[in-house]
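The values are calculated or read from the model by the stated rules, or taken from the named source; none is laboratory data. Note that the structure is predicted; figures quoted are calculated from it, not measured. With ideal geometry, Cβ positions are generated from the backbone for all residues, glycine too; neighbour counts draw on all protein chains shown.
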Amino acid sequence: MRKWIVAGNWKMHNTISESVRLATEIKEGITDLKNGEVVVAPPFTALQKVSDALRGSPVALAAQNMYFENKGAYTGEVSPVMLKDTGCSYVIVGHSERRKYFSESDETVNLKALKAMASGLKPIICVGETEAERNKGITEAVIGRQVRAALADVSVEMLAGLVIAYEPVWAIGTGKVASPVQAEEVHDFIRRLLVEIYGCMAEDVRILYGGSVTEDNIAELIAIEDIDGALVGGASLQAGGFLGIIGKMP
């Protein structure tokens, strides 16, 4: 049985002290995680201090991005070695905001995912369609392209070290949420695609939903068979709302 994951992506929010305060409130509000995992992704500046605050707790640390080299003349970038050094065990790659605002391609997402796994980090690989793409009826074509590209050169043996997050771009930060039918269709498509590529081992891959997730809609979403958790944006910036989501996980 796949363990659920709830991951909070704090994006470009919170100073170091604010991040430590939020992480501490989340840590203190969690009582039982035997069936799942909780992950928080603060901004780069707060990673070390949040790691210190979470020490001894079941809450895992993630980075919001990384570069696909260990070191070099790459001004402004952060390497997987640096992330490991702060205590990260996960890293988000290919988030739609990275694709939209920073021109990340399917190929760079693949390079980052491969480098993350080679470095001992678990990538949370994001895929999703825009509203225009959904309206054109090409959601599966877009998702299929993104998944296949992201998993290029990823072997069956590497599957246990990754997570896929479906985030409909049209739902991120908009308050819109994919209906249960829409979410189920895409998650089922991703699962079938993984099985096509990897066979029965694909059943172990966890697929998250991301897109205006709150404590009010998580129960309906997590009831869907192929949704194994959530990548949470705005609702993860308040401990109460984030803990409310966690509290409704099976």
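Restricting attention to segment 3-20 and to residues that are part of a strand (DSSP E or B) and among the hydrophobic types (A, V, I, L, M, F, W, C), the residue that is surrounded by the most Cβ atoms within 10 Å (Cβ to Cβ) turns out to be Val6.
Count of segment 47-64 residues, restricted to those that are part of a loop (DSSP other than H, G, I, E, B), surrounded by 16 or more Cβ atoms within 10 Å (Cβ to Cβ) and without any contact (Cβ under 8 Å) to a residue 40 or more places away in the chain, is 0.
Within segment 27-56, being of a type outside the set (D, E, K, R) and more than 21 Å from His13 (Cβ to Cβ) holds for Thr31, Leu33, Asn35, Gly36, Gly56. Please go through segment 203-224 and pick out each residue that is out of contact with any Asp or Glu (no Cβ under 8 Å at 6 or more places or on another chain), of a type outside the set (Val, Ile, Thr) and at negative phi. Selection gives Glu203, Asp204, Glu215, Asp216, Asn217, Ala219, Glu220, Leu221, Ala223. Of all residues in segment 19-51, those that are in contact with a helix residue (DSSP H, G or I) (Cβ under 8 Å, 6 or more places away or on another chain) and either farther than 22 Å from Ala165 by Cβ or of a type in the set (Ser, Thr, Tyr) (or both) total 10.
Yes or no: Val81 farther than 24 Å from Glu167 by Cα, among the aliphatic types (A, V, I, L, M) and either over 14 Å from the mean Cα position of the chain (by Cα) or crowded, with 17+ Cβ neighbours inside 10 Å (or both)?
yes
The set of residues from segment 80-109 being without any contact (Cβ under 8 Å) to a residue 24 or more places away in the chain and part of a loop (DSSP other than H, G, I, E, B) comprises Phe102, Ser103, Glu104, Ser105. Could you identify the single residue in Glu25, Glu37 that is among the acidic types (Asp, Glu) and buried (at least 18 other Cβ atoms within 10 Å of the Cβ)? Going through Glu25, Glu37 in turn, the sole match is Glu37. Restricted to segment 229-250, and to residues there that are within 29 Å of Glu18 (Cα to Cα) and assigned to a loop (DSSP other than H, G, I, E, B), the residue that is nearest to the chain's Cα centre (by Cα) is Gly233. Scanning segment 151-163 turns up one or more residues that are at positive phi and either out of contact with any Asp or Glu (no Cβ under 9 Å at 6 or more places or on another chain) or at pLDDT below 95 (or both). Among the residues of segment 87-107, the ones that are of a type in the set (Ser, Thr, Tyr) and surrounded by fewer than 18 Cβ atoms within 10 Å (Cβ to Cβ) come to 4 in all. Of everything listed in (1) under 24 Å from Ala62 (Cα atoms); (2) touching a strand residue (DSSP E or B) at 6+ places or on another chain (Cβ under 8 Å), the single unmet condition for Val186 is (1).
In this structure, Ala183 does not satisfy being surrounded by fewer than 20 Cβ atoms within 10 Å (Cβ to Cβ), of a type in the set (A, V, I, L, M, F, W, C) and either farther than 21 Å from Ala160 by Cβ or under 15 Å from the mean Cα position of the chain (by Cα) (or both). Just so you know, in segment 212-224 the residues that are of a type outside the set (A, V, I, L, M, F, W, C) and more than 11 Å from Pro180 (Cβ to Cβ) include one that is nearest to the chain's Cα centre (by Cα), and it is Ser212.
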